[in-house]
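S.K.: Please find one structure pasted underneath; my questions will follow.
The values are calculated or read from the model by the stated rules, or taken from the named source; none is laboratory data. Just so it is clear, the model here is predicted, and its values are computed rather than measured. Here Cβ is always computed from backbone atoms with ideal geometry, including for glycine, and neighbour counts include all displayed protein chains.
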There are 2 protein chains.
Amino acid sequence: MSGPLAGVMVLDLTRVLSGPYCTMMLADLGARVIKVEPPGGDDSRHFPPRTGGDSAYFMAFNRGKESIALDLTAPADRAIFERLLTTADVMVENFRPGVLDKLGYGPAVLAERWPTLILASLSGFGQTGPDRGRMAYDLLIQAMGGVMSLTGEEGGGPARVGTSLVDIGSGMFLWPGILAALVERRGGAPARRVEVAMLDSQVAMLEHAMMRAQAGDPPQRLGARFPTASPVDAYRTADGALVLACPMPRHFAAAAAVLGHPEWVDDPRFVDNAARLANQAALKAAIEAVMRERTTAHWDAAFAAAGVPCGPVRNMADLLADPQLTAREMLLPMAGFRVAGNPMKLSGLAAPDAASAPTLDQHRAALLAEFGA
Amino acid sequence: MSGPLAGVMVLDLTRVLSGPYCTMMLADLGARVIKVEPPGGDDSRHFPPRTGGDSAYFMAFNRGKESIALDLTAPADRAIFERLLTTADVMVENFRPGVLDKLGYGPAVLAERWPTLILASLSGFGQTGPDRGRMAYDLLIQAMGGVMSLTGEEGGGPARVGTSLVDIGSGMFLWPGILAALVERRGGAPARRVEVAMLDSQVAMLEHAMMRAQAGDPPQRLGARFPTASPVDAYRTADGALVLACPMPRHFAAAAAVLGHPEWVDDPRFVDNAARLANQAALKAAIEAVMRERTTAHWDAAFAAAGVPCGPVRNMADLLADPQLTAREMLLPMAGFRVAGNPMKLSGLAAPDAASAPTLDQHRAALLAEFGA
């Protein structure tokens, strides 16, 4: 059984991460994704880490795609591109606003010449508004989009979220627009344009932080601590750290027993959530004094057995050894590495071939033959 | 022009954040989302902040939905629910694995009685694997999914990403599965089951961190610093902080000039990227010594005018005053608050009514009349 997007053809003009991440997941779901690269290839073909002569970085975000290198300023290559456009259902691009127009494939041209094509665009600040021309990288938008102001140590400086959250998140916001437009078009409606900005995406992911600020309770950086419930935090162990989230009385009592201090439930400093919040530094020190004596694995097993909500702070090596992720086909082999699989589990859908990224221009001859260009 | 998902009916059994976030965006795109709540309502109806007698938190993630309260263990309410199931295209749930089966609406029952229904399930660890029954909250999965090990100060403890990244991200991974299954079903194919786990979702958002670990270069917490390029970091100003990302020679020269230290380009400590990486603490101190003299707004304007990639670290009040976000309809009025709008911009699609969340059971009479139940 092939993927649910079998028969859907996506022309992918995107580079580096946000766009390629979006189109990779469309390929995982069965879409045919043709990556149209500039003659020098996607910049990320030069990103570390490497595997043999290739970029493992590139391979990890371009599995399941075909590649053709086209110079969109050269007439012969434009003719090929336009043959592809005639068959494509979707075109995805993450050029800076205005570049597509300069190439002669702006929204108005596409709507006139290829009216059934769904155009999907990713950019830093969007195609509209006063900042539309401003430079955008993931880190800059993590700063401008507010999440860095909320991330880091209490009293310390703003910290970056430890992954390219904005690139990945904005690529994820493009999916429903593209697919909803496809649903509608299968019902006979005309194609829509879809447009997502990195900044908008970051702001849409802030949960209730803007509301808290407006309610007079502006959120602060708190490390791993929760502002209104205790204990909810990360605690150091002998070899790492473990998160506890046990403000409920029965959970706190169970945690105190596991830690060998059942008397804490009657200690005036820790007797209820309000007391623990008022004495959270003392409580953290008391918990860590015990937890530093044993390993994360010990505490994880002990708390879990006692029904206490907990989770070890796992690093990359821990993830790579996780039986759950293995059982879920979330660690897939790729040219000497294991990389993240497809988290969208659909009945009848096989895990993707993680090692199926194309070399630059690999599919030129086949595509020229197929599309008569 | 209505949304692209007009005519699509979603039965939404989800609670709190991950599921409601997913279905809110489906409603923003025009789907009809009927929220089936337990008699006491979604737990998040009691979450702060509040507005009048209602939870602003609940309202912010449930706009555009209808509500009916049903006790799925009571025969009369089950009959109503089953009338809804007969018409629905999609059912979304985030119960713990096994609960849906206990209610008598597990995947096998649904596939037999309502074969065109697309079932979409969200859970902490997934419906399969050894950890499927383990407790999952956003913070626990931030820990177990690896992102906390990468987030925080250099040499400090693991920090939480300053938003509920896992809840929101897993809700986002459900979209393409649901919509791809809808695309396929419109083409005549049978319905699929869609299933997403919070843990899988977190791991799929780690960019190249697992690969780096396997390449012998395991990523570390670095605050806001970039490991292989300098200067790329957040720098304190008189009233906040600003990110600079200017390792390229021409950008570093421009930044040094803006800071009044054009001689830095010839300083042996800072002469090239390798030197700056070796002396990054000295460089950071030198930059901050200057930047602490003036405001973030001053430096943002000065660096931007000089073509230096930069971004102010903005807090929630800054976002609420941003003309770009206003121009993008990303700050929408809701009962005395402004909340994040819909980042999925489609041609012909109006911004959602942010104040359109339902009261508990608001649509019971209308739904009973419409579905003859």
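S.K.: Just to be sure before I move on: is A:Arg132 surrounded by fewer than 24 Cβ atoms within 10 Å (Cβ to Cβ), farther than 27 Å from A:Asn342 by Cβ and more than 7 Å from every other protein chain (Cβ to nearest Cβ) in the structure I sent?
M.R.: Answer is yes for this residue.
S.K.: Here's a check for you: in segment A:135-182, which residue that is of a type in the set (Asp, Glu) and surrounded by fewer than 24 Cβ atoms within 10 Å (Cβ to Cβ) is farthest from the other protein chains (Cβ to nearest Cβ)?
M.R.: A:Glu154
S.K.: Next up: Kindly list the number of the only condition in (1) under 30 Å from B:Leu100 (Cα atoms); (2) among the charged types (D, E, K, R); (3) part of a helix (DSSP H, G or I); (4) within 7 Å of another protein chain (Cβ to nearest Cβ) that fails for B:Arg185.
M.R.: Condition (4) is where B:Arg185 drops out.
S.K.: If you don't mind, there's one more thing I want to ask. Residues of segment A:79-110 being surrounded by 17 or more Cβ atoms within 10 Å (Cβ to Cβ) and over 30 Å from the mean Cα position of the chain (by Cα), which ones?
M.R.: A:Ile80
S.K.: Any chance you could count how many residues in segment A:174-204 are within 23 Å of B:Met148 (Cα to Cα) and either touching a residue at least 60 places away in the same chain (Cβ under 8 Å) or not aliphatic (A, V, I, L, M) (or both)?
M.R.: Of the residues in segment A:174-204, 4 are within 23 Å of B:Met148 (Cα to Cα) and either touching a residue at least 60 places away in the same chain (Cβ under 8 Å) or not aliphatic (A, V, I, L, M) (or both).
S.K.: Still on this structure: Scan A:Gly64, A:Gly53, A:Gly19 and give me the residue that is away from chain B (no Cβ under 12 Å) and either over 25 Å from A:Ala181 (Cβ atoms) or among the aromatic types (Phe, Trp, Tyr) (or both).
M.R.: Result: A:Gly53 is the single residue among A:Gly64, A:Gly53, A:Gly19 that is away from chain B (no Cβ under 12 Å) and either over 25 Å from A:Ala181 (Cβ atoms) or among the aromatic types (Phe, Trp, Tyr) (or both).
S.K.: Considering A:Gly162, A:Gly156, A:Gly187, A:Gly171, which residue is more than 25 Å from A:Asp28 (Cβ to Cβ) and small (Gly, Ala, Ser)? Can you show your working first?
M.R.: Working: A:Gly162 fails: more than 25 Å from A:Asp28 (Cβ to Cβ); A:Gly187 fails: more than 25 Å from A:Asp28 (Cβ to Cβ); A:Gly171 fails: more than 25 Å from A:Asp28 (Cβ to Cβ).
Result of the check over A:Gly162, A:Gly156, A:Gly187, A:Gly171: A:Gly156.
S.K.: A further question follows. Looking only at helices (runs of 4 or more DSSP H) that lie completely in segment A:234-338, which have at least 3 residues being at pLDDT 95 or above and within 12 Å of chain B (Cβ to nearest Cβ)?
M.R.: The helices (runs of 4 or more DSSP H) meeting that bar are A:296-305, A:316-320, A:323-327.
S.K.: Here's a follow-up. Condition first: within 26 Å of B:Val8 (Cα to Cα) and polar (S, T, N, Q). Can you find one or more residues in segment B:39-53 that meet it?
M.R.: Checking segment B:39-53: at least one residue is within 26 Å of B:Val8 (Cα to Cα) and polar (S, T, N, Q).
S.K.: While we're here: Considering only helices (runs of 4 or more DSSP H) fully contained in segment B:16-118, which possess at least 1 residues that are without any contact (Cβ under 8 Å) to a residue 40 or more places away in the chain and within 23 Å of A:Leu206 (Cα to Cα)?
M.R.: Because the criterion is at least 1 residues that are without any contact (Cβ under 8 Å) to a residue 40 or more places away in the chain and within 23 Å of A:Leu206 (Cα to Cα), the helices (runs of 4 or more DSSP H) in segment B:16-118 that meet it are B:56-60.
S.K.: Then there's this: For segment A:230-272, give me each residue that is surrounded by fewer than 17 Cβ atoms within 10 Å (Cβ to Cβ) and either in contact with a Ser or Thr (Cβ under 7 Å, 6 or more places away or on another chain) or basic (Lys, Arg) (or both).
M.R.: A:Ala238, A:Asp239, A:Arg250, A:Arg269 - these are the residues of segment A:230-272 that are surrounded by fewer than 17 Cβ atoms within 10 Å (Cβ to Cβ) and either in contact with a Ser or Thr (Cβ under 7 Å, 6 or more places away or on another chain) or basic (Lys, Arg) (or both).
S.K.: In addition: Does at least one position in segment B:6-28 carry a residue that is farther than 30 Å from A:Pro227 by Cβ and not aliphatic (A, V, I, L, M)?
M.R.: yes
S.K.: Tell me the residue from A:Leu182, A:Leu117 that is at pLDDT below 95 and touching a strand residue (DSSP E or B) at 6+ places or on another chain (Cβ under 9 Å), please.
M.R.: A:Leu182
S.K.: Hey, among A:Ala302, A:Ala317, which residue is surrounded by fewer than 15 Cβ atoms within 10 Å (Cβ to Cβ) and under 30 Å from B:Arg160 (Cβ atoms)? It would help to see each step written out before you state the result.
M.R.: Details: A:Ala302 fails: surrounded by fewer than 15 Cβ atoms within 10 Å (Cβ to Cβ).
After ruling out the rest, the residue left standing is A:Ala317.
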